1. What is the one condition in (1) touching a residue at least 60 places away in the same chain (Cβ under 8 Å); (2) surrounded by fewer than 18 Cβ atoms within 10 Å (Cβ to Cβ) that Leu249 does not satisfy?
2. Pairs needed: first member in region 81-92, in the same structural domain as Glu20 (by TED's automatic domain parsing) and on the phi > 0 side of the Ramachandran plot; second member anywhere, assigned to a strand (DSSP E or B) and buried (at least 20 other Cβ atoms within 10 Å of the Cβ); C-beta distance under 7 Å; at least 6 residues apart or different chains.
3. Considering only region 184-230, state which residues are part of a helix (DSSP H, G or I), under 17 Å from the mean Cα position of the chain (by Cα) and within 11 Å of Trp276 (Cα to Cα).
4. Arg32 is checked against (1) free of Cβ contacts under 8 Å to residues at least 40 places away in the same chain; (2) within 23 Å of Arg279 (Cα to Cα); (3) of a type in the set (D, E, K, R); (4) not in a helix (DSSP H, G or I) and fails just one. What number does that condition carry?
5. For region 44-66, which positions are at pLDDT 95 or above and aliphatic (A, V, I, L, M)?
6. Please tell me if Glu330 is under 20 Å from the mean Cα position of the chain (by Cα) and modelled with pLDDT under 95.
7. Does Asp336 satisfy the criteria of being of a type in the set (Asp, Glu), in the same structural domain as Asp177 (by TED's automatic domain parsing) and either surrounded by fewer than 23 Cβ atoms within 10 Å (Cβ to Cβ) or in contact with a Ser or Thr (Cβ under 6 Å, 6 or more places away or on another chain) (or both)?
8. Out of region 221-234, which residues are closer than 25 Å to Gly311 by Cα and either surrounded by 20 or more Cβ atoms within 10 Å (Cβ to Cβ) or without any contact (Cβ under 8 Å) to a residue 24 or more places away in the chain (or both)?
Amino acid sequence: MQLPEFERQKVKILGQRLREKQPLIQVVLGPRQVGKTTAVLQVKEKWEGPSVYESADSPAPPGTEWVEQAWQAAEFKAKEEGPVLLILDEIQKVQGWAECIKALWDQGHFSTPIRLLLCGSSSLQIQSGLTESLAGRFEINRMQHWSLSEMEKCFQWDTQTYLYYGGYPGAAQFAADWRRWADYIQQSLVETAIGKDILLMHRVQKPALLRQLYALGCDYAGQIISYQKLLGQLQEAGNTTTLAHYQHLLESAYLIQGLQKWQGKKIRTRASSPKWQPRNTALVTSQAGLSPKDWYNDSRRWGRLVEVAAGAHAVNQGEEEGVEVYYWREKNKEVDFVLKKGDRLVALEIKSGLVSRSHSGLRMFQNHWPDARTWIIGEGGLSLDEFLRTRLEELFV
C-alpha cells in the first residue's frame with residue numbers, strides 16, 4: 001500500500017524521533033487496516049542500520065518469552081552493528097507485554113542502543129499498559145481512518161464515493177463490486193476487530209450481545225439513543241452497565257464512538273444518553289446490504305450518511321488534534337456536534353438536506369455560551385467537501 005503525503009510525513013517524523021540521542025519508546029496506535037504495518041515497515045526501510053521486525057498477530061497469542069527473544073535478537077545485532085530498530089507489531093496480544101518491556105527497557109536502553117517501536121490496534125489494551133507500566137517512557141503516534149483528502153490522493157475518490165466506501169484503504173481494491181467490498185469490510189475488518197481486539201483480549205460474558213450492540217450502533221448512527229431503549233431492541237438479556245462497558249470496548253477497537261451531551265459540567269456530561277457515531281461510514285453502508293445507487297437515490301438515507309461522515313471526521317480529527325467532540329440538545333433544540341479544545345468551543349450544525357431546519361439550535365447554544373464559534377456545514381455554510389478537508393483547529397480561529 002502506498003501511503004499518501006500526509007501519512008508519509010508521519011513516517012518521516014517517526015524516523016526522526018527514533019534517531020534522537022535518547023529516544024522514547026515510539027507507539028503507533030490506530031484502527032485495523034489503515035496502514036499501520038505499512039508505515040512501520042517504511043520506517044524500517046528508511047532506517048540506516050540493522051532492524052528486527054516481529055508480529056504477534058497469530059492464532060495463539062505468544063507469551064512474554066516472545067518479547068524477550070525479539071529483544072535478545074536486537075541486542076545481538078546492536079553489539080555487532082550498532083543502533084538497531086526493534087519493531088513489535090500487534091503488541092497488545094502478548095499477555096504481560098508492558099511489564100516485560102519495562103524491565104527490558106529500564107535494564108538495557110542506556111547501555112544497549114535499541115530503538116523500540118510498538119504497533120497495536122486496541123487502544124484500551126495498549127494505553128492501559130502504557131500508563132500503568134511505561135509512564136514517562138513513550139510517545140504515541142496516532143493513525144486514523146483515512147480522510148477524504150487521503151483517499152482522493154491514493155484512489156482518486158470524490159466526495160460521493162468517499163461517503164459510501166469510507167476510509168479503509170485496504171478495501172478500496174474491491175470498490176468495483178460493492179457486494180464483495182461489503183463482505184470484506186464485515187468479515188476482514190469488523191469481525192476481526194471484534195474477535196481479535198475485543199473478545200480475545202477482554203472478558204466478555206455475552207459475545208452475541210456485544211455484536212448486537214455494534215450492529216445497532218450502526219443502525220442508529222447519528223441518533224441519540226438511551227441504553228434503556230437499546231435494551232428493548234436486544235435479544236440477549238443485559239443491563240445498562242453491561243451495555244456501557246461493551247460500548248467502551250467497541251470504542252477501544254475504533255468502531256463506534258458514543259458521544260456524550262455537552263452541558264459544561266463533566267459529571268452531568270458523562271451521565272447522558274450517547275449519540276451513536278461510527279468512526280467510518282463504511283461500517284454503516286457495508287452492514288446495510290444496499291448498493292451505492294440505493295444510497296444515492298434516497299435523499300433521506302443519503303442525508304443520514306452525510307451526518308455520519310461529518311461526525312466521523314470530527315471524531316477522527318479530534319483525536320488527532322486533541323479536540324473533544326460532544327452533541328448538545330435542550331428540549332427540541334439541537335446542535336449536531338460541539339467541539340472543545342482547551343476553553344474554546346465550536347458548535348456545528350450539519351445541513352444534509354434530510355429536513356429543512358432553522359438555526360435556532362445554534363442560536364440557543366450561543367445564548368448559553370456566547371464565546372462559542374458556530375458553523376453550518378452544508379447549504380448556506382461551509383460545504384461538506386470543504387469540511388471533510390479541514391483540520392478542526394481551523395474552525396476555532
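The values are calculated or read from the model by the stated rules, or taken from the named source; none is laboratory data. As the structure is a prediction and not an experimental result, all values here were calculated from the model. Here the Cβ is made from the backbone with ideal geometry for all residues, glycine too, and neighbour counts use every protein chain on show.
1. Of everything listed in (1) touching a residue at least 60 places away in the same chain (Cβ under 8 Å); (2) surrounded by fewer than 18 Cβ atoms within 10 Å (Cβ to Cβ), Leu249 misses just condition (2).
2. Glu90/Cys119; Glu90/Gly120
3. Within region 184-230, Tyr214, Gly217, Cys218 qualify.
4. Arg32 satisfies every listed condition except (1).
5. Val52
6. no
7. Details: of a type in the set (Asp, Glu): yes; in the same structural domain as Asp177 (by TED's automatic domain parsing): yes; either surrounded by fewer than 23 Cβ atoms within 10 Å (Cβ to Cβ) or in contact with a Ser or Thr (Cβ under 6 Å, 6 or more places away or on another chain) (or both): no.
Judged against the criteria, Asp336 is not a match.
8. Ala221, Gly222, Gln228, Lys229, Leu230, Leu231, Gln233
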